[in-house]
1. If you plug each phi of region 169-186 into the Karplus form 6.51 cos²θ - 1.76 cosθ + 1.60 with θ = phi - 60°, what whole-Hz ³J(HN,Hα) values come out, in order, with x for Gly and Pro?
2. If neighbour count is taken as other Cβ atoms inside 10 Å, put HIS134, HIS64, HIS181 in order from fewest to most.
3. Using 0.36 nm per residue, how much length does the chain from ILE43 to PHE177 gain when fully extended, once their Cα-Cα distance is taken away?
4. Within a 10 angstrom radius of the beta carbon, how do ILE43, ILE137 rank from fewest other beta carbons to most?
5. Per Stokes-Einstein, at 4 °C and 1.567 mPa s, what whole-number D in µm² s⁻¹ belongs to region 45-152, with the Kirkwood radius over Cα pairs as the hydrodynamic radius?
6. Counting Lys +1, Arg +1, Asp -1, Glu -1, what net charge surrounds PRO62 among other residues with beta carbon under 13 Å of its beta carbon?
7. What is the gain in length, in nm to one decimal, between THR116 and HIS61 on full extension, counting 0.36 nm per residue of separation less the C-alpha to C-alpha distance?
Amino acid sequence: MHSFATRKRPKRYEKDGKTKEDAAVTTQTTEDETATEDLIDPIAELPGFNETESRIAVLGHPIHAMSVAFPVALTFCALGADALYWWTGQTFWARAALWAAGTGFLFGMFAGLSGTAELLLVSGIRVRAPAWTHFIIAVTLLALLGANWGYRLYGYEQAVLPYGILLSGLCVLVVGFTGWHGGKLVFDYRLGTSKGI
Ligand code: HEM
């Protein structure tokens with residue numbers, strides 16, 4: 001059965017005077033051996049499939065890869081500050097959590113913009129489904145980071161327990177997943193890298 005992703009090249013049976021049945025018998029082994037080679041991935045055949053090198057870069061270094069460290073670290077800081085507020089009861093930590101959540105969201109938006117530009121401008125990234133999966137996970141993360149910040153703006157101390165710290169915990173889970181998936185794009189699919197070297 002043919003899938004959406006792969007199809008087989010059409011077979012020409014009645015070549016050189018052979019019947020369909022004769023050809024089926026004599027070519028069976030060859031077909032089995034070459035079946036894998038015959039499969040065509042229509043996505044891989046698109047022009048620009050192998051062009052995956054970063055365009056949003058400084059001297060060849062992708063801005064997205066450089067900027068994601070900040071939202072990742074700040075998301076963890078927000079959870080840490082929430083936990084310390086819970087433990088010590090000091091207002092300082094609730095304020096620290098507000099700042100960590102806010103700056104985490106803003107740096108996340110910057111990382112998201114550079115990633116989105118990369119996704120839309122680089123043909124080899126644009127045609128790959130995993131890049132769009134990463135986009136969906138990352139946008140979910142940005143919505144959560146924004147909610148975690150916005151919720152605290154109406155009273156950052158009262159916001160921490162219980163919903164602030166729960167939101168921070170959820171953000172840590174989703175940022176971990178986003179970062180892990182982003183790493184797959186780079187290290188498994190080699191997106192953003194130059195493959196020729
Ligand atoms: C919102 C839209 C986003 C898009 C479209 C996007 C797209 C991409 C792309 C195409 C790559 C491959 C490397 C490159 O070409 O630069 C990548 C890598 C990565 N992304 Fe995103 N991204 C987005 C947001 C985020 C966010 C918010 C985070 C985390 C806070 C994140 C974490 C990562 C990580 C950790 C990598 C691997 C970087 C490396 O190891 O070099 N991404 N992303």
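1. x, 5, 4, 5, 4, 6, 5, x, 5, 4, x, 4, 5, x, x, 4, 4, 7
2. Numbers: HIS134 20, HIS64 23, HIS181 15.
The most exposed by this proxy come first: HIS181, HIS134, HIS64.
3. Fully extending the segment from ILE43 to PHE177 adds 45.6 nm.
4. On the way: ILE43 13, ILE137 17.
Going from sparsest to densest Cβ surroundings: ILE43, ILE137.
5. Working: Rh = 15.2 Å.
This corresponds to a translational diffusion coefficient of 85 µm²/s.
6. Details: positive: ARG55, ARG190; negative: GLU53, GLU118.
Charge balance near PRO62 sits at 0.
7. Numbers: separation 55, 0.36 × 55 = 19.80 nm, distance 1.62 nm.
Contour length minus Cα-Cα distance gives 18.2 nm.
Only the coordinates and a few stated rules stand behind these numbers; no lab work does. Note that the coordinates shown come from a computational prediction; the quantities given were computed from them, not determined experimentally. Because the Cβ atoms are built from the backbone with ideal geometry, glycine has one as well, and the counts that use them run over all protein chains shown.
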